[in-house]
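First up is the structure itself, then whatever we jot down about it.
The values are calculated or read from the model by the stated rules, or taken from the named source; none is laboratory data. Worth saying up front: this structure is predicted, and the values here are computed from it rather than measured. As a convention, Cβ positions derive from the backbone with ideal geometry for all residues, glycine included, and neighbour counts pool all protein chains shown. Accessible surface areas use protein heavy atoms only, side chains included; no ligands, DNA or RNA. Shrake-Rupley method; radii C 1.70, N 1.55, O 1.52, S 1.80 Å.
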Amino acid sequence: MSDPERAMLLSVHPRFATAILAGSKTVEVRRQRVAAPPGTPVLLYATAPTMALVGMARIVSVHVASPREVWSAHRAQTGITQREYDAYMSGAAQASGLTLEDPVSFDEPVPLSALRATGAFHPPQSYRYMKSGDLRQVAEAGPVVGTALREALGGLVLA
């Protein structure tokens with residue numbers, strides 16, 4: 001069960017955001033331990049040159065293990081080559097594989113400028129958790145995002 005007051009904001013390269021939203025990439029890998037319960041909503045922030053919230057998905061599970069074990073379990077779902085994975089994981093002691101489901105593309109991506117117009121907004125280097133105040137700010141910046149968040153979070157946080 002997800003915390004109704006929390007979602008994850010995940011920064012991804014535009015190529016990977018597109019693949020997640022298309023359903024061809026169902027596992028996102030990170031170099032550090034990610035502790036998010038199943039059901040956690042994930043807002044996808046596509047980095048430069050897009051620089052916008054482009055969609056969302058939901059965490060099914062998080063597999064934390066050695067980089068080798070995460071690759072072995074999820075390689076076909078990561079949307080990257082082993083060379084890219086190895087370069088990204090170089091020097092990492094552990095890795096997390098976030099299995100995602102229910103991707104939703106926003107009809108109108110919310111650009112960074114709109115997110116910052118509603119208050120201080122800083123896209124994370126990797127990811128960060130968002131509490132109710134952050135979520136309200138994002139919902140104000142993009143009505144489509146607000147609608148999707150209300151559905152994902154049961155409307156409680158954004159009321």
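Points worth noting:
- Of the strands (runs of 3 or more DSSP E) lying entirely inside the stretch 1-89, those containing at least 1 residues that are open to solvent by less than 10 Å² (accessible area, probe 1.4 Å) and in contact with a Gly (Cβ under 9 Å, 6 or more places away or on another chain) are 27-30, 41-46, 52-65.
- Checklist (1) free of Cβ contacts under 8 Å to residues at least 24 places away in the same chain; (2) over 22 Å from PRO49 (Cα atoms); (3) crowded, with 16+ Cβ neighbours inside 10 Å applied to SER96, failing item: (1)
- Residue check: MET56 meets all listed conditions (1) within 13 Å of the chain's Cα centre (by Cα); (2) modelled with pLDDT of 95 or more but one, namely (2).
- Any hit, the stretch 100-114, residues being open to solvent by less than 20 Å² (accessible area, probe 1.4 Å) and free of Cβ contacts under 8 Å to residues at least 60 places away in the same chain: yes
- Condition check for ALA95 on (1) under 17 Å from SER11 (Cα atoms); (2) modelled with pLDDT under 95: one failure, at (2).
- Any chance ALA46 is under 12 Å from the mean Cα position of the chain (by Cα) and either closer than 25 Å to ARG116 by Cβ or at pLDDT below 95 (or both): yes
- Within the stretch 115-127, the residues that satisfy the criterion of being under 21 Å from ALA48 (Cβ atoms) and either in a loop (DSSP other than H, G, I, E, B) or open to solvent by 30 Å² or more (accessible area, probe 1.4 Å) (or both) are ARG116, ALA117, THR118, ALA120, PHE121, HIS122, PRO123, PRO124, GLN125, SER126, TYR127.
- Some residue of the stretch 99-110 being in a loop (DSSP other than H, G, I, E, B) and small (Gly, Ala, Ser): no
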